[in-house]
Amino acid sequence: MTTSQKPAPHAPLPFLGLACAVGVSTMYYNQPLLLEMGRTYGVTAGRTGFVAVATQIGYAIGLLFFVPLGDVLERRALMMRMYGAVAIGLLLVAASPGINLLIAGSVLIGMLASVTHVALPIAPDLVSHEQRGRAIGTVMTGLLLGILLARTFAGWVSKIHGWRWVFVVAAVMNAAFVPLLKKVMPRLPPKQKLHYSDAMKSLWTLFRTQPLLRESSIIGALVFASFSCFWTTLAFLLNRHYELGPGVAGTFGVVGAAGAMVAPLAGRLADKHGSRYVISLGMALLAGSYFLLWGEEAAHRSTAFHLVALVVGVIVLDMGAQMTQVANQTRIFGLDPSARSRLNTVYMTIYFTGAAAGSALATIAWVHWAWNGVCILALSLIALAAIWHATGHKNGGDRCKVSREDVFMEA
């Protein structure tokens, strides 16, 4: 393998954050709309809940098979193609005549929305090693804002025009982003001459030889599963107790956006104190958030109290999730700069597999045990993550590196 010695091209970090926001938001439009979709097709909450699961499964597939192309192909052209394709997928979902086609279209959207993680690994290429936490935090702010504000956008557009128009407008936004990428982003050639088959083979080598990558992936999956428990079932909770619709469910995305602003701070803390410190703090915030959110019985006595607890809990929830994610990605991107897309592929495939599992389990928990079951499930997932974190790498883990020879030993 030959390695390019050319310096990394310059691209603005805020624009990369916008790219991540546009890409990832397509996955989350459906979450506040599940009740409306169920009414359209005449199916139960248990069935429509799997629309969100389908999107996350598709995302995991896209992460596994599309994101490694970021180490093989010129990335600007790859991103342009994927944004164009996801626009077509969004139109197909908008026109779905039945629930089965809606679920299939949601898988397709998830696969193509993985363009977000073609963009994200570019961030640490643009700064020094000592500043990669800050760079990742800046771009991750855009990503999490996309996740959260997508719900707000979807909730209010559907209230005015119906849920199908959410996907039509989103398709136009993604299509418009294609020429914008060509204008703003420089060409981004791969750092190595690498075949796709070699890149795919090296994924297993990376996972097998890097304990820090395995630890980060499993912790990330468990944390994001707990995070998904709340957002998958929020619309059901608000409708059951308060008869509130998708607009209000989506508005909680604006509330959560306050928590997203912690990302740059998380990056700076990771640069200064190490990633393990930030992960510990993030998981403590996540656990605390669910104790605030767990208030079904209080809802019957005081609606105002419960809504205030929900608002505060959402902010703390998103702060904890964001801190954990920034710290995890800071340390995995330090392993090998030439393999960042593949490192991100391994991490994010496992991460979103956890999200899909969390959404599926939360839907089942809601059907059988309502909000109590959802909160117990989420806290159990956080506890598992904490155990894994406590027994993981304590010495030098933030600075662990992988040699290029190890990555390609079996490829």
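Quick notes on this structure:
- Each listed q (0.29 Å⁻¹) maps to a log10 I(q)/I(0) for region 171-216, found by the Debye formula over equal Cα scatterers with no solvent: -0.99.
- Relative to its Kirkwood radius, the Cα radius of gyration of region 169-275 gives an Rg/Rh of 1.08.
- If you take the Cα centroid of region 161-183 and the Cα centroid of region 364-391, the two points sit 35 Å apart.
- Relative contact order for the chain, counting Cα pairs under 8 Å that sit 6 or more residues apart, in percent: 26
- Distance-filtered residues of region 215-237 - backbone nitrogen under 12 Å, label point 7 angstrom along Ile364 Cα→Cβ: none
- Packing-based ranking, highest mean first, of 348-354, 323-329, 35-41 given that Cβ atoms within 10 Å are counted: 323-329, 348-354, 35-41
- Share of carbon and sulfur in the accessible heavy-atom surface of the chain [1.4 Å probe, %]: 68
- C-alpha long axis of helix 132-161 to longest principal axis of the chain, angle in °: 30
- In order along region 328-334, the phi-based Karplus estimate (6.51 cos²θ - 1.76 cosθ + 1.60, θ = phi - 60°) of 3J(HN,Hα) comes to 4, 6, 4, 6, 6, 6, x Hz; Gly and Pro are listed as x.
- Value at 222 nm in deg cm²/dmol, rounded to 500, when DSSP H runs of n ≥ 4 in the chain each add -39,500 (n - 2.57): -26000 deg cm²/dmol
- Solvent-accessible surface of the chain, taken per residue with a 1.4 Å probe and all protein chains present: 37 Å².
- Distant alpha-carbon pairs in the chain (separation over 26 angstrom), percent: 50
- 3J(HN,Hα) along region 213-226: 5, 4, 4, 4, 5, 5, 4, x, 5, 5, 5, 6, 4, 5 Hz, from the Karplus curve 6.51 cos²θ - 1.76 cosθ + 1.60 with θ = phi - 60°, whole Hz, x for Gly and Pro.
- Close Lys pairs in the chain, defined as Cα atoms under 23 Å apart and 8 or more places apart or on different chains, number 14.
- Close amide H contacts of Asp336 (hydrogens built in the peptide plane, cut-off under 5 Å, sequence separation of 5 or more or a different chain): Val402.
- Using θ = phi - 60° in the Karplus curve 6.51 cos²θ - 1.76 cosθ + 1.60, the 3J(HN,Hα) couplings for region 94-101 round to 4, 9, 4, x, x, 5, 5, 5 Hz; x is entered for Gly and Pro.
- Modelled spin labels at Arg81 and Arg39, positioned 7 Å past Cα toward Cβ, are 4.2 nm from each other.
- Counting every C-alpha pair in region 110-218, the share spaced more than 20 angstrom apart comes to 61%.
- On the basis of the beta-carbon distance and an R0 of 45 Å, Thr391 and Phe305 show a calculated FRET efficiency of 0.75.
- Normalised by 2.2 N^0.38 Å, where N is the number of residues, the C-alpha radius of gyration of region 72-139 stands at 1.46.
- Range of Cα positions in region 11-90 per principal axis (Å), largest first: 46, 25, 19
The values are calculated or read from the model by the stated rules, or taken from the named source; none is laboratory data. Everything numeric in this text was worked out from a predicted model, so none of it was measured. For neighbour counting, all protein chains shown are included, and Cβ atoms are generated from backbone atoms with ideal geometry for every residue, glycine included. Calculation scope for accessible area: heavy atoms of the full protein, side chains included, ligands and nucleic acids excluded. Shrake-Rupley method; radii C 1.70, N 1.55, O 1.52, S 1.80 Å.
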